[in-house]
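The structure under discussion appears below in the form of structure tokens.
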Amino acid sequence: MRSVRVSDRIDWVGVIDWNLRDFHGYETPRGSTYNAYLVRGEDKTALIDTVKGPFVGELLARVASVIDPAEIDLIVVNHVEPDHNGGLRDVMAAMPNARVVASRSGVAGVAEYHDGLQVEAAGADDVIDLGGCTLRFLPMPMVHWPDSMFTYCAEERVLMPNDAFGQHMASAERFADEVGLDLALEELTVYYANILMPLGKQVAKAVEKVVATGWEIETIAPSHGVIWRGEALGAVLDAYGRLTVGETREKVVVAFSTMWGSTDILARAVADGVAAQGVEVAVFDLAASPVAGVTRHLLDARALLVGSPTLHHGMLYRVAGYLQYLAGLKPTGKIGGAFGSYGWSSGACKQIIGRLEAIGFELPFEPYTQKYRPSAEEIAAAREWGAQYARAVREMG
């Protein structure tokens, strides 16, 4: 297993999970990586982050390509979630002389996850000297767990911020400029939408805290996906600035599910009405579309229109499932609406509206519903219903 040089004294020794397809409900068609880094001083060597339990052998093989794992002096736990911390005990067994540090909250998390395992606390005032190469720490609560922490190597000007600036993307290349900047930024956006969206304020404060330290940063090495350097560094910082303030554009997302095709017909008519007003529209059948992709489009949209036929007096389970997914992400500053068809009983739109309102969407217009298969007049009415949302989106500015 080969390591990859990140800077003169830092090597990537993580693992590539080519076959990961689901990350707690977030589809990952490109797989992912669990990045770990070796920092080599003149006197000591540190391992920054570990990996998911099943991949410890691969991690240790990459470490061994640089140094005997038994010679590692320090392990830094930036985050206790299992994709980074699950293999900690096995890694420690291979590095018996290593001191292990985490944030103060991370110390408690490691103990709780690993049946009382005790590690040391590292805070913002702590500096660990590896011999001409130092590590500094910045606790970052809720970016994206209470225990999250950033680690910085001043001499190499490398920031290792764990999940911040990450993407779920497996590749043989380790740097954003190698896989292509557009692809890396798109996967960064998908990751942000599906994991960090509800934490935008905390992420913005985290970036401000890093700036306030005065740290000089030439490389950002996250724990998932590719590493940012050179021109890609400025691009990712600009992207994070837009993401954390919730920047949107004139865009409407139409997400629906259908039984006999009537709601599909309505969805197309609604989308046509939006587009006719010169507003961007993205349409997703929830039976066929990954929810992570739908949510990525919702991130910079101003409206979500949800469609479902009525089944047993309520919405289809795919629609209910997606709204439950959204509830945890807490999108803000958006308007919403419901549409759908029904047969012998209605009720889906009432449920959708209730759920959208509970999540925090503003609901400027009444739902659009019709019975059985829509007529030409009803299709025209659905088109106008979509158009009024487009006009509202344009007025939002």
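Things to note:
- Entirely in the stretch 1-69, the strands (runs of 3 or more DSSP E) that have 1 or more residues that are under 25 Å from Val119 (Cα atoms) and in contact with a His (Cβ under 7 Å, 6 or more places away or on another chain): 32-34
- Positions within the stretch 65-101 being under 21 Å from Met142 (Cα atoms) and out of contact with any helix residue (DSSP H, G or I) (no Cβ under 6 Å at 6 or more places or on another chain), in sequence order: Val76, Asn78, His79, Glu81, Pro82, Asp83, His84, Asn85, Val101
- Condition check for Thr189: assigned to a helix (DSSP H, G or I) and either at negative phi or hydroxyl-bearing (Ser, Thr, Tyr) (or both): yes
- Subset of the stretch 285-310 (residues that are of a type in the set (S, T, N, Q) and in contact (Cβ under 8 Å) with a residue 60 or more places away in the chain): Thr295
- Taking the stretch 203-218 as the range and being of a type outside the set (A, V, I, L, M, F, W, C) and either assigned to a helix (DSSP H, G or I) or within 20 Å of Thr244 (Cα to Cα) (or both) as the test, the residues that pass are Lys205, Glu208, Lys209, Thr213.
- Flag if Ala282 is touching a residue at least 24 places away in the same chain (Cβ under 8 Å) and either buried (at least 23 other Cβ atoms within 10 Å of the Cβ) or in a helix (DSSP H, G or I) (or both): no
- Subset of the stretch 70-105 [of a type in the set (A, V, I, L, M, F, W, C), farther than 14 Å from Thr45 by Cα and in a loop (DSSP other than H, G, I, E, B)]: Val80
- Any hit, the stretch 130-151, residues being of a type in the set (Val, Ile, Thr), closer than 24 Å to Ser7 by Cα and touching a Phe, Trp or Tyr at 6+ places or on another chain (Cβ under 8 Å): yes
- Qualifying residue in the stretch 67-87 (condition: under 30 Å from Leu323 (Cα atoms), buried (at least 19 other Cβ atoms within 10 Å of the Cβ) and among the hydrophobic types (A, V, I, L, M, F, W, C)): yes
- Residue in the stretch 320-331 that is outside the structural domain of Arg21 (by TED's automatic domain parsing), among the hydroxyl-bearing types (Ser, Thr, Tyr) and assigned to a loop (DSSP other than H, G, I, E, B) present: no
The values are calculated or read from the model by the stated rules, or taken from the named source; none is laboratory data. In this text, all values refer to a predicted model and were calculated from it rather than measured experimentally. Positions of Cβ are backbone-derived with ideal geometry, glycine not excepted, and every protein chain shown enters the neighbour counts.
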